[in-house]
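Notes for the one structure printed next.
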Amino acid sequence: MKETKMLRTRILIAIVCIALFASSAYAQGMAGQTPTSTKGAVIKGKAPVNKSLLRVVLPKAQEATLKNGLHVVLLESNHRLPIFSMEMVVMSGGLSDPADMRGLASITALQMREGTAKHKSRELAEALDTIGATLNANSGVNSPTSSVSASGLTDNLDQILELFTEVIRTPTFPAEELERYRSRTLAAQPQLRSNPGFLAQERLNQAIYGTHPAALVQTPPEVIKKITSADLVKYHAQTYVPNNATLFIAGDVTLKDMLPRLEKNFGDWQRGTATTLTLPPVPAQAETKIHLINRPGSVQTVFQIGSLGIERTDPDYVALTVMNRILGQGPSARLFLNIREDKGYTYSVGSNVSSGKYRGLFTAQSPVRTDVTEGTIREFMNEFKRIRDEKVSDTELQSAKNAIIGGFAFTLETPTTRLNNIITQKVYNLPANYWDTYPAKVEAITTADVQRVAQKYIDLNHLQIVAVGDASKTRDVLAKFGSVQEYDGDGKPMRNASAGGQ
């Protein structure tokens, strides 16, 4: 009987996956892949955007609040696919951690699946596998929130909801599971610190954020060594409370059917007094400096170049997104066409912008051969200056806007991605019609807008340039562009070298 149910579940999952693939194969195929070369192609930017997308009116979420303060936001799908997803977002994350326990929220979330009042870790995994469900918990050291998410077939809704509730309300944080995590994570530290991409990101965050909580990119080893199950139990009890959380649900469900289920599972969950997040101001930006992390014998120089960006609620968010698309996102972007296609310095190059509850970053990055270190940094600077000093062409602008609006259209294909949009809107208190008007906001961006945000956020006087590579072969080259501070692989300062720059 059990095997028959498992087989039926897997067949249903396969059918659903095929249907989802058919609706979004292009978007899924492109995600996370290195862009295909466009060398020799003529980029005309004439692919039209359906004008109805600019006036989209998305389905409205339904909302309710349980007596204990748990807020519920439900996005009902068109019921063509028998699937659903849900995410409990707790308004406490890594940014709320005590100064001497940074990573507490992250480790708490990671350990919540490792045992509940009713199930051990393995039993929970087997129960989820039997019904083809997913259930995960996470929080980042830089995150304002923690979350527990689950998804599966609506046929298994009650079973999944029961397991979901267990993980949220009754994790036991077994000491033996925490010890396994501790041993595994500490053992992986040497390998992590051998990764040049990690070293570059760590140094860039420290250079820009200083002592601000955003400077941290991973849980410090000293916290991993000292944290106890009692610490996790205490943190969970203080922060995972209904009046500090919102439950987001999307898919083949209705609010009318869900509310009795939620009352049954969460109605007696006791309120608490979680601390409200307060962040210090981001520090003033230092003058441009080059941070050289020495990796003797390396055949590559890994670049991370960045400056301070914006908060998610900043009015410049859309314009900055369009600017970045033109500069460094995708195979038609300027950095790609120059540094990869024209110069042949690297296989991958690009830029991105991040934003959140605090000011995020504008970053550009690439791993290049050691012998082209000087040429690469020169071309980065040339492209930064060009997008600041000259207005982009109408063709480039329209091509970027079409790509962004088209990408947004793909996010409307599945309940989970639509739910993520609603979570963003709620977490950052964006206007209720934010996503209805998003395509029109993108379409309204002008060449003057792009130049304005480029000049404001690609701050040439305060860029922090991180280079990870063989210092004996790159030290003098990098010194041509400014003051150089050297570090070892553990992030400790070594020697200094200075030059006037160019």
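The values are calculated or read from the model by the stated rules, or taken from the named source; none is laboratory data. Every value quoted in this text rests on a predicted model; they were computed, and no experiment measured them. Don't worry about glycine lacking a Cβ; one is built from the backbone with ideal geometry, like all the others, and counts go over all protein chains shown.
Just need a number here: residues in the range 346-380 that are over 20 Å from Arg312 (Cβ atoms), at pLDDT 95 or above and either assigned by TED's automatic domain parsing to the domain that holds Gln201 or not polar (S, T, N, Q) (or both).
14
Would you tally the residues in the range 292-327 being touching a Lys or Arg at 6+ places or on another chain (Cβ under 7 Å), within 30 Å of Gly489 (Cβ to Cβ) and crowded, with 24+ Cβ neighbours inside 10 Å?
Result for the range 292-327: 3.
Which condition does Ala333 not pass, out of (1) under 18 Å from Leu460 (Cα atoms); (2) crowded, with 17+ Cβ neighbours inside 10 Å, if it passes all the others?
(1)
Could we say that Ser96 is closer than 22 Å to Leu247 by Cβ, of a type outside the set (Val, Ile, Thr), at pLDDT below 95 and assigned by TED's automatic domain parsing to the domain that holds Pro260 here?
Values: closer than 22 Å to Leu247 by Cβ: yes; of a type outside the set (Val, Ile, Thr): yes; at pLDDT below 95: yes; assigned by TED's automatic domain parsing to the domain that holds Pro260: yes.
For Ser96, the condition - closer than 22 Å to Leu247 by Cβ, of a type outside the set (Val, Ile, Thr), at pLDDT below 95 and assigned by TED's automatic domain parsing to the domain that holds Pro260 - is met.
State which residue pairs qualify: first residue free of Cβ contacts under 8 Å to residues at least 40 places away in the same chain and in the same structural domain as Arg169 (by TED's automatic domain parsing) and inside the range 135-151, second residue of a type in the set (S, T, N, Q) and part of a strand (DSSP E or B) in any location, beta carbons under 6 Å apart, and separation of 6 or more residues or different chains.
As it stands, the answer is Asn136/Ser149, since those pairs meet every condition given.
Please verify whether the range 457-474 includes one or more residues that are under 25 Å from the mean Cα position of the chain (by Cα), part of a helix (DSSP H, G or I), outside the structural domain of Leu81 (by TED's automatic domain parsing) and modelled with pLDDT of 95 or more.
yes
Matching residues to (1) more than 25 Å from Ile326 (Cα to Cα); (2) exposed (fewer than 15 other Cβ atoms within 10 Å of the Cβ); (3) touching a Leu at 6+ places or on another chain (Cβ under 7 Å):
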| site | (1), (2), (3) |
| --- | --- |
| Ile422 | yes, no, yes |
| Tyr438 | no, no, no |
| Asp449 | no, no, no |
| Lys456 | no, no, no |
| Asp490 | yes, yes, no |
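Check Thr278 against each of (1) part of a helix (DSSP H, G or I); (2) farther than 30 Å from Glu162 by Cα; (3) free of Cβ contacts under 8 Å to residues at least 24 places away in the same chain and name the one condition it does not meet.
For Thr278, the failing item is (1).
What are the residues in the range 285-321 that are of a type in the set (Ser, Thr, Tyr) and assigned to a strand (DSSP E or B), if any? Write out each step before concluding.
Looking only at the range 285-321, we keep the residues that are of a type in the set (Ser, Thr, Tyr), and these are 288, 298, 301, 307, 313, 317, 321.
Thr301, Ser307 - these are the residues of the range 285-321 that are of a type in the set (Ser, Thr, Tyr) and assigned to a strand (DSSP E or B).
Which pairs do you get when a residue that is more than 15 Å from Gly375 (Cα to Cα), found in the range 472-489, comes within reach of a residue that is surrounded by 18 or more Cβ atoms within 10 Å (Cβ to Cβ) and of a type in the set (D, E, K, R), reach meaning Cβ atoms under 8 angstrom, with the pair 6+ apart or on two chains?
Val484/Arg475; Glu486/Arg475; Tyr487/Arg203; Gly489/Arg295
Since Asp394 meets every condition but one in (1) out of contact with any helix residue (DSSP H, G or I) (no Cβ under 8 Å at 6 or more places or on another chain); (2) surrounded by fewer than 16 Cβ atoms within 10 Å (Cβ to Cβ), which condition does it not meet?
(1)
Restricting attention to the range 273-291, which residues are over 30 Å from Val466 (Cβ atoms) and surrounded by 16 or more Cβ atoms within 10 Å (Cβ to Cβ)?
Ala274
Test of understanding: among Val148, Val141, which residue is of a type in the set (Val, Ile, Thr) and either over 27 Å from the mean Cα position of the chain (by Cα) or part of a strand (DSSP E or B) (or both)? Quick ask: steps written out before the conclusion?
Values: Val141 fails: either over 27 Å from the mean Cα position of the chain (by Cα) or part of a strand (DSSP E or B) (or both).
Selected residue: Val148, the only one of Val148, Val141 that is of a type in the set (Val, Ile, Thr) and either over 27 Å from the mean Cα position of the chain (by Cα) or part of a strand (DSSP E or B) (or both).
Looking at Gly489, Gly406, Gly482 in this structure, which one is at positive phi and of a type outside the set (S, T, N, Q)?
Details: Gly489 fails: at positive phi; Gly406 fails: at positive phi.
Answer to the check: Gly482.
Tell me the helices (runs of 4 or more DSSP H) entirely within the range 155-244 that contain at least 2 residues that are surrounded by 20 or more Cβ atoms within 10 Å (Cβ to Cβ) and either out of contact with any strand residue (DSSP E or B) (no Cβ under 7 Å at 6 or more places or on another chain) or assigned by TED's automatic domain parsing to the domain that holds Thr301 (or both).
Answer list for the range 155-244: 157-169, 196-209, 229-239.
Within the range 67-104, track down each residue that is part of a strand (DSSP E or B) and out of contact with any Asp or Glu (no Cβ under 9 Å at 6 or more places or on another chain).
Of all residues in the range 67-104, those part of a strand (DSSP E or B) come to 71-76, 83-90.
Hits for the range 67-104 are Leu75, Ser85, Met86, Glu87, Met88, Val89, Val90.
Starting from residues that are surrounded by fewer than 14 Cβ atoms within 10 Å (Cβ to Cβ) and among the hydrophobic types (A, V, I, L, M, F, W, C), keep the ones in the range 91-124 and report whichever is farthest from Ile224 (Cα to Cα).
Ala117
Specify which of the listed residues (Ala117, Ala127) is touching a His at 6+ places or on another chain (Cβ under 9 Å), farther than 30 Å from Gln206 by Cβ and free of Cβ contacts under 8 Å to residues at least 60 places away in the same chain.
Answer to the selection: Ala127.
Within the range 339-353, which residues are buried (at least 19 other Cβ atoms within 10 Å of the Cβ), in contact with a helix residue (DSSP H, G or I) (Cβ under 8 Å, 6 or more places away or on another chain) and not hydroxyl-bearing (Ser, Thr, Tyr)?
Ile339, Val349, Gly350, Val353
Take the residues in the range 300-316 that are in contact with a strand residue (DSSP E or B) (Cβ under 9 Å, 6 or more places away or on another chain) and not β-branched (Val, Ile, Thr); name whichever of them is farthest from Ser354 (Cα to Cα).
Result: Gln300.
Provide a single number: the residues in the range 403-420 that are part of a helix (DSSP H, G or I), surrounded by fewer than 18 Cβ atoms within 10 Å (Cβ to Cβ) and more than 17 Å from the chain's Cα centre (by Cα).
Total meeting the criteria: 3.
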